C-alpha cells in the first residue's frame with residue numbers, strides 16, 4: 001500500500017492468460033455501457049473534468065495528487081484515505097473525493113484517463129485496465145526527502161501541472177529549513193519503535209527526517225536495520241533519549257510499546273508518533289518535519305544541554 005519515487009507505466013505485457021482476456025472483454029462492455037448511460041466521474045469543486053482525469057489507488061499518491069492536480073482532475077482516491085488509521089492526507093480533506101476499493105469494475109465505471117497505483121498492483125488488474133485503454137502509472141517506495149521530491153515532480157508531470165509540483169517541493173524545503181536545529185546543537189538519540197516492536201532503519205524516509213530535524217537514529221547505532229525487532233529488554237538496557245512509538249495502544253502485539261517497565265526510564269522521553277508520518281512523502285513531510293522539530297525544541301527547552309548555541 002505504500003508508494004514512492006519511481007513512476008513508470010506498468011510492467012511488460014508478457015504472457016496473457018485467456019481468462020484475463022475474457023474478463024477484459026467484459027469490462028470493455030461495462031465501460032461502453034457506462035459511457036452510453038452518460039456516467040460522469042465524481043469531481044469535487046468542478047462540473048467538468050480537467051484532462052487527464054486521474055484516479056489514485058494509494059494513500060501516498062492520494063495526498064500528493066490532491067496537491068498537484070487542478071480542481072476536478074482527481075476523480076477518486078483510495079479507500080485508505082477515508083480511514084483515520086491509514087490516511088496520510090487527513091480524512092476531512094480525503095472526503096472531498098470519492099473513495100474506491102480498487103476493483104476493475106469500479107475503476108472502469110469512473111472512466112479515468114490515468115490510474116496511479118503502487119508496484120504491487122495485481123497483474124490481472126493491470127492488464128484489464130490496459131486492455132480498456134486506461135493508462136496505469138505505478139510507484140515504488142521512497143526512502144529519502146530527495147526521492148520524495150522527485151516523486152512529487154513526476155506526479156505533477158503526469159497531471160500536466162508541473163508548477164504545482166514545484167510549489168509543493170518549495171513547501172517541503174521551507175518546512176525543513178524551519179525545522180533544522182542550530183548548527184551547534186547536539187543530536188538527540190531517538191528510536192522509532194513501530195507496531196510489533198520493529199524499528200525504522202537508517203535508509204528510510206523517517207530516518208532522513210530525524211536527521212534533518214536534529215535527531216540521531218539510535219536503532220542504526222545498534223546495528224539494526226529496517227523492520228528489525230527490538231525487544232523490551234534491549235530497550236530498557238540501553239535506552240535512547242527519545243522513544244517515538246508508532247503503534248496502537250490497544251493492539252495486543254503493541255503492548256510492549258507502552259509497557260509499565262518503560263516508566264523507569266527517567267532520562268527518556270516517550271512520544272507517540274502518528275504511523276501515517278512514517279511512509280508517505282509529499283505534503284506528509286511538511287507535517288512530519290513540523291512535529292519532529294517541535295519535539296526537538298521542547299527537548300531543548302527542558303534540557304539546556306541539548307539547546308546548543310542559537
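What ranking of 300, 258, 88 emerges when the number of other C-beta atoms within 10 Å of each C-beta is taken as an exposure proxy, fewest first?
258, 300, 88
Label residue 184 and residue 265 with points 7 Å out from Cα along Cα→Cβ: what is the distance between them in nm?
Taking the simple label geometry, residue 184 and residue 265 are separated by 3.0 nm.
Kindly work out what percent of the DSSP beta bridges joining two residues of the range 184-306 are antiparallel, to the nearest 5.
15 percent
With Rg and the Kirkwood Rh both taken from Cα atoms, where does Rg over Rh land for the range 112-199?
Here the Rg-to-Rh quotient is 1.13.
Cα-based Rg (one decimal) and Dmax (whole number) for the range 233-304, in Å?
Gyration radius and largest Cα-Cα distance of the range 233-304: 13.7, 38 Å.
Counting other beta carbons within 10 Å of each residue's own, what order do 215, 120 fall into, fewest first?
120, 215
Please rank 89, 235, fewest neighbouring Cβ atoms within 10 Å first, as an exposure proxy.
So the ranking, lowest neighbour count to highest, is 235, 89.
What is the pair-distance distribution P(r) of the range 184-306, computed from all Cα-Cα distances in 5 Å bins starting at 0, with each bin given as a whole percent?
2, 11, 23, 25, 21, 13, 4, 1, 0
Kindly state, as a whole number, the per residue volume in cubic angstrom of the convex hull around the alpha carbon atoms of the range 83-162.
Convex hull volume per residue, Cα atoms: 122 Å³.
Test of understanding: extend the Cα→C-beta vector of residue 226 to 7 Å, then name every residue of the range 60-103 with backbone N under 18 Å from that spot.
The answer is 60-61, whose backbone nitrogens lie closer than 18 Å to the label point.
Read-outs throughout are calculated quantities, based only on the coordinates presented, and are distinct from any laboratory measurement. Just so it is clear, the model here is predicted, and its values are computed rather than measured. In this analysis, Cβ positions are derived from the backbone assuming ideal geometry, glycine residues included, and neighbour counts consider all displayed protein chains.
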